[in-house]
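Only one structure is covered here, and it is reproduced in the block below.
Every read-out reported here was derived from the displayed coordinates using simple, explicitly stated rules and does not represent laboratory data. This is a predicted model, so every value here is computed, not measured. Cβ sites come from the backbone with ideal geometry, for glycine too, and all protein chains shown count toward neighbours.
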Amino acid sequence: MDSDASLSAPPSRTRGIVLLGLAILGLASALYAVRGPLMMSAPRCMAGRWPGCFDTFNGVVLMTLVALPPAVLVVWLLARRRRAAGGTTAWRMSLAEVGMVHGTLPFLWLTMMPGAGAGTVPGRLSLVPLRDLVTMGPLGIVGNLLVFASLGFFAPMRFASSASLPRILALGAGCSVLVETAQYVLRLDRVSSVDDVLVNTAGAVLAALASRRWWRTTARTKSGRPRPVPAPAG
């Protein structure tokens, strides 16, 4: 056994602990940066008041963070149940299911949040590509990239049938078109823009590329199951 090789390759558990620590540090830094706006929404959100909580960006972000510990608990319960049933990818499947929901619903809520003229202002369309992109600004572009990022990241890990970039592209584009159509039909005082569809789709594809190491493995495992050999006749 080569001791130098064993020392140069850190155990997977140590690598996981390091990555978890970095993720916690990053989350703590982000929370510190936005602590002011979140604390302004906290009293109304904790009291269950709709105005000032569920109809504001800060309130939705705060409730998303509050729901994070229960989401982690659900992942643990699902993984424990799957492992008891003999599942080989219990943690990956459970994390993918909860991640898709917890990472997508808050952004959908924000995109479907009505404006001041909702119900009275007619729906507006912007069908010229790249015209609205220059007016989004960095924050708008990042926000649109994140709308279906969780879906693009986790869907191929959960569903082998979606484990290809063309399918993720179609999934992200289809979901984004549905959202923009709903904004227009419901007259939410929002502009239904083709640029939103383009950026939302790009976010889903980029997130899928980031998780490709895991969803390619999942797809290969499911498609590579040995087929039963038929018994000889007679």
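Please sort 114-121, 155-162, 181-188 by packing, taking for each peptide the average over its residues of neighbouring beta carbons within 10 angstrom, highest first.
155-162, 181-188, 114-121
Using the Karplus curve 6.51 cos²θ - 1.76 cosθ + 1.60 with θ = phi - 60°, what ³J(HN,Hα) values do you get for each residue of the stretch 89-97, in whole Hz, with x for Gly and Pro?
These are the phi-based 3J(HN,Hα) values: 10, 4, 5, 5, 5, 5, 5, 5, 5 Hz.
How far apart, in nm, are two points set 7 Å out from the Cα along the Cα-to-Cβ line at residue 121 and at residue 65?
Between residue 121 and residue 65, the simple spin-label model gives 2.9 nm.
Go through 146-152, 101-107, 193-199 and give me the packing order, highest mean Cβ count within 10 Å leading.
Descending packing order for the listed peptides: 146-152, 193-199, 101-107.
Please compute the contact order of the stretch 48-223 in relative form: average sequence separation of alpha-carbon pairs under 8 Å and at least six residues apart, divided by the residue count, as a percent.
27
How many nm separate the modelled label positions at residue 23 and residue 85, each set 7 Å beyond the Cα in the direction of the Cβ?
That separation, rounded to one decimal, is 2.3 nm.
All other residues with a Cβ under 12 Å from the Cβ of residue 140 taken together, and with Lys, Arg as +1 and Asp, Glu as -1, what is their net charge?
-3
Can you tell me the relative contact order of the stretch 109-209? Whole percent, Cα pairs under 8 Å, sequence separation 6 or more.
48 percent.
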